[in-house]
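Comments concern the structure below.
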Amino acid sequence: MDDHGLDQTAEQPEGGPLERDSLFEAPPMVEQERMVEAVLFASSEPVTLRDLAGRMPHGCNPGEAVEHLRKRYEGRGVRVVRVGDAWAVRTAPDLGFLMQKEIVETRKLSRAAIETLAIIAYHQPVTRAEIEEIRGVSVSRGTIDQLLEMEWIRLGRRRMTPGRPVTFVVTPSFLDHFGLESARDLPGLKELRAAGLLENRPPPGALPIGHGEDGEHEIGEQPELFEE
């Protein structure tokens, strides 16, 4: 072969065989699935694709591996579910009743806390003043602080209005706790009442003026987040 032919053989385009040979070959997809499965199973919190990519060998495709794993778990006792921008292994919804004996509920959220949380979930991003306007009573700082400590809500962007009030939005922990992929999957009012999460509210005017249904005064503060 002449010199010209040798030059053509030696020069490879970018991404050609010479460059590919210098990189580590990614594990087979079935092995990538096993890696994703191990991480999701061991993690108590949902894991993002970015985090998976940082843990897996170079060249892996965590997005494709998660999708394969999700399909593999369809119809099984546990599922691979999406929680916001992350993924997790969770019990199949129809088998949740089997776990009820493992859950010890010592305190219940007060109605004021449930309503505050619901308003944030359904109206996010929402300011404290807007929450109070919707509820018709003031919101105690303790209620907001407790919901923040539970990591069910977080601070959102400030409104570009006078005073630049901070807004509140629900967190991935909230979505994960209720088995939701996003806030768009929140149930309607009928479903909430059927599940016992909302009680039928009295018609307007049924309560004394200036009081909420928990005995809250419009200029007072709510009771504690948890009921004893």
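The values are calculated or read from the model by the stated rules, or taken from the named source; none is laboratory data. Fair warning: this is a prediction, and the values are worked out from it, not measured in the lab. Note that we place each Cβ from the backbone using ideal geometry, even for glycine, and neighbour counts take in every protein chain shown. Just so you know, the surface numbers come from the protein's heavy atoms only, side chains and all, with ligands and any DNA or RNA stripped out. Shrake-Rupley method; radii C 1.70, N 1.55, O 1.52, S 1.80 Å.
Using a probe radius of 1.4 angstrom, the carbon and sulfur fraction of the accessible surface of the range 78-168 is 52%. Given +1 at the Cβ of Lys and Arg, -1 at the Cβ of Asp and Glu and no other charges, the dipole of the range 32-147 around its Cα centre is 260 debye to the nearest 20. These residues, LEU98, LEU117, go from largest to smallest accessible area, 1.4 Å probe, as LEU98, LEU117. Average accessible surface for the range 125-185: 60 Å² per residue, computed with a 1.4 Å probe over protein heavy atoms with every protein chain in place.
In the context of the full protein assembly, ARG90 retains an accessible surface of approximately 60 Å², using a probe radius of 1.4 Å and ignoring ligands and nucleic acids.
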